[in-house]
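The values are calculated or read from the model by the stated rules, or taken from the named source; none is laboratory data. Note that the structure is predicted; figures quoted are calculated from it, not measured. Reconstructed Cβ throughout: ideal geometry from the backbone, glycine too, with neighbour counts over all protein chains shown.
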Amino acid sequence: MKKRGIGMASIFYGTGYGNGFPDVSSAVVEIHDDGSATVLTGAADCGQGSNTVLAQIAAEELGIPIEKITLISADTDCTPDAGTTAATRQTYTSGNAVKLAAAKAKKILLDFAAGVLAVNTIDGLDIKDGYVYVKTFPQKRISVAELASHARFKGNRLIGEASFTTHSTMVDPETGQGAPYYPYAFATQIAEVEVDTETGKVEVIRIVAAHDVGRAINKIAVEGQIQGGVAQGVGWALTEEVELKNGQIQNPSFTEYLIPTALDVPEVTPVIVETYEETGPYGAKGVGEPAMLPTMPAILNAIYNAVGVRITELPATPEKILKALKEKEQKNA
Amino acid sequence: MEMKKLSLTVNGKLIEREVPTNIRLLDFLRDYLHLTGTKEGCGEGECGACTVLLDGKPVNSCLVMAHSAHGREVITIEGIGTPDKLHPIQEAFLEAGAVQCGYCTPGMVLAAYALLKENPNPTREEIKVAISGNLCRCTGYNKIVDAVELAARKEGK
Ligand code: FES
Ligand code: FES
């Protein structure tokens with residue numbers, strides 16, 4: 001018989017290295033004579049989209065279109081250290097570093113612009129769509145390209161460099177108490193499954209995944225991170241197991257270590273819950289690791305809801321489910 | 001090492017080379033023709049990263065000996081669109097956000113290409129079946145299926 005069930009799980013997750021560990025990213029931004037800008041960042045984009053997100057942040061801060069940003073990343077010949085692409089930290093930590101570096105370059109340009117536009121403080125100026133303008137009198141404006149080339153000929157260098165450290169505190173080594181991370185990401189996922197009581201096979205029908213990511217800098221990328229994380233969570237819950245014997249992996253191939261195929265991953269509905277993280281770049285936090293965490297417990301809860309058995313050892317293979325069903329039957333007999 | 005002449009069409013061009021008899025089609029494409037868009041993931045027919053089209057059908061080029069492609073027609077990812085003029089499937093992958101690390105992407109695009117040739121209007125289920133031999137660790141497949149649907153709509157126009 002096929003039985004359906006629904007399960008839910010919620011998590012909170014500390015992003016960054018945490019526990020007082022140095023968690024630093026650096027970046028360099030230079031504005032050029034043609035109104036374009038170069039961003040140097042050590043952040044390695046493994047596909048999660050940090051190149052795009054960091055370029056978006058630089059473009060926003062500098063007030064120029066993203067097409068005008070050249071971003072060079074993860075090149076030990078020329079990019080400053082931005083730590084590892086790990087711990088759900090690049091959007092937050094490197095995003096802050098890029099934003100600060102861009103703001104410094106921008107300030108040099110605005111200091112020069114203040115003289116040209118005859119305003120008495122750069123607080124009265126901003127940049128939008130590639131133009132520096134007077135906030136209270138927007139008709140008065142000059143293009144970034146024109147200003148940048150003049151500024152440079154006058155000996156100014158429109159280069160900003162910055163480092164950002166994610167705050168964290170070491171926990172008390174005796175008690176383990178403290179506040180090791182900041183900021184935290186939150187998520188809730190709901191899974192619907194169908195359990196075949198004859199074969200023990202679990203099919204995941206659908207997953208709805210709600211994630212507090214702070215402000216989503218790039219919605220499609222955030223959705224992709226959530227859907228990819230859920231797929232890994234499905235594998236974690238149902239099929240993936242590293243079999244070790246005397247320290248050697250016994251199943252080092254895709255025939256024996258089963259990751260989900262397109263037929264195993266359900267339709268995943270991402271729900272992006274946008275909060276505003278005061279300390280993040282434009283309010284952003286991270287999403288990478290949290291995306292996979294609630295999936296497994298949500299699926300196990302859904303299995304319990306469907307057939308009344310608790311699986312306490314991963315993965316929840318058909319064999320384990322059949323065994324649990326049998327034990328339950330015997331207990332009830 | 002025993003050498004033998006291999007002649008075949010790759011991306012519409014006739015190629016003739018003297019190559020060892022014991023290399024795989026994957027090695028021939030990557031190491032001899034430097035068509036490195038075709039990836040090696042597992043080398044044992046499980047991941048689909050090495051997918052190419054052999055006489056129009058998707059195959060795992062890690063499982064095909066180079067010489068068994070003699071006289072046949074191979075299309076690799078380099079034969080689908082150009083950097084200046086992407087194929088509608090490639091455009092759709094970009095638009096839908098179907099690429100993360102990109103390692104599975106060449107194989108996915110070719111699997112989609114073969115599917116849409118045969119079935120220009122596939123359902124989501126048919127798309128999932130068609131790409132089920134191509135593993136992706138990053139995207140969770142949802143956006144890849146979206147992309148193939150979008151490509152079908154683009155090509156239908
Ligand atoms: S490399 Fe050929 S299927 Fe994995
Ligand atoms: S995008 Fe990374 S494996 Fe598919």
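The table that follows gives values for the structure above.
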{"quantity": "Scan of the range A:105-133 for residues that are surrounded by 18 or more Cβ atoms within 10 Å (Cβ to Cβ) and part of a strand (DSSP E or B), ordered by number", "calculated": "A:Leu125, A:Ile127, A:Tyr131, A:Val132, A:Tyr133"}
{"quantity": "Number of the condition not met by A:Ala148 [criteria: (1) more than 30 Å from A:Ile303 (Cα to Cα); (2) surrounded by 16 or more Cβ atoms within 10 Å (Cβ to Cβ); (3) touching an Asp or Glu at 6+ places or on another chain (Cβ under 7 Å); (4) not assigned by TED's automatic domain parsing to the domain that holds A:Ala37]", "calculated": "(4)"}
{"quantity": "Identity of the residue in the range A:151-161, in contact (Cβ under 8 Å) with a residue 12 or more places away in the chain and either in a helix (DSSP H, G or I) or acidic (Asp, Glu) (or both), that ends up surrounded by the most Cβ atoms within 10 Å (Cβ to Cβ)", "calculated": "A:Ala151"}
{"quantity": "Residues of the range B:78-103 classified as out of contact with any helix residue (DSSP H, G or I) (no Cβ under 8 Å at 6 or more places or on another chain), in a loop (DSSP other than H, G, I, E, B) and within 14 Å of ligand 2 (Cβ to nearest atom), total", "calculated": "3"}
{"quantity": "Output for the range B:31-65, where each listed residue is in contact with an Asp or Glu (Cβ under 7 Å, 6 or more places away or on another chain) and more than 14 Å from ligand 1 (Cβ to nearest atom)", "calculated": "B:Leu35, B:Asp55"}
{"quantity": "Looking only at the range B:105-157, and only at residues there that are of a type in the set (Lys, Arg) and closer than 26 Å to A:Thr255 by Cα, the one that is farthest from ligand 2 (Cβ to nearest atom)", "calculated": "B:Arg124"}
{"quantity": "Where B:Glu91 falls short, out of the listed (1) without any contact (Cβ under 8 Å) to a residue 40 or more places away in the chain; (2) acidic (Asp, Glu); (3) away from chain A (no Cβ under 14 Å)", "calculated": "(1)"}
{"quantity": "Any hit, the range B:54-61, residues being more than 16 Å from ligand 2 (Cβ to nearest atom), surrounded by fewer than 23 Cβ atoms within 10 Å (Cβ to Cβ), touching a residue at least 24 places away in the same chain (Cβ under 8 Å) and polar (S, T, N, Q)", "calculated": "no"}
{"quantity": "The lone exception for A:Lys245 - which of (1) of a type in the set (Lys, Arg); (2) more than 10 Å from chain B (Cβ to nearest Cβ); (3) within 26 Å of A:Asp45 (Cβ to Cβ) it fails", "calculated": "(3)"}
{"quantity": "Selection from the range A:250-272 of residues that are of a type in the set (Val, Ile, Thr) and either in a loop (DSSP other than H, G, I, E, B) or at the interface with chain B (Cβ under 7 Å from one of its Cβ atoms) (or both)", "calculated": "A:Thr255, A:Ile259, A:Thr261, A:Val265, A:Val268"}
{"quantity": "Those residues of the range B:104-132 which are within 16 Å of B:Val52 (Cβ to Cβ) and facing chain A (nearest Cβ under 8 Å), in sequence order", "calculated": "B:Ile131"}
{"quantity": "Residue count for the range B:137-157, restricted to those that are more than 8 Å from chain A (Cβ to nearest Cβ), surrounded by 24 or more Cβ atoms within 10 Å (Cβ to Cβ) and not β-branched (Val, Ile, Thr)", "calculated": "2"}
{"quantity": "Qualifying residue in the range B:36-45 (condition: on the phi > 0 side of the Ramachandran plot and either free of Cβ contacts under 8 Å to residues at least 12 places away in the same chain or surrounded by 15 or more Cβ atoms within 10 Å (Cβ to Cβ) (or both))", "calculated": "yes"}
{"quantity": "A:Lys326 being modelled with pLDDT under 95, out of contact with any Ser or Thr (no Cβ under 9 Å at 6 or more places or on another chain) and not in a loop (DSSP other than H, G, I, E, B)", "calculated": "no"}
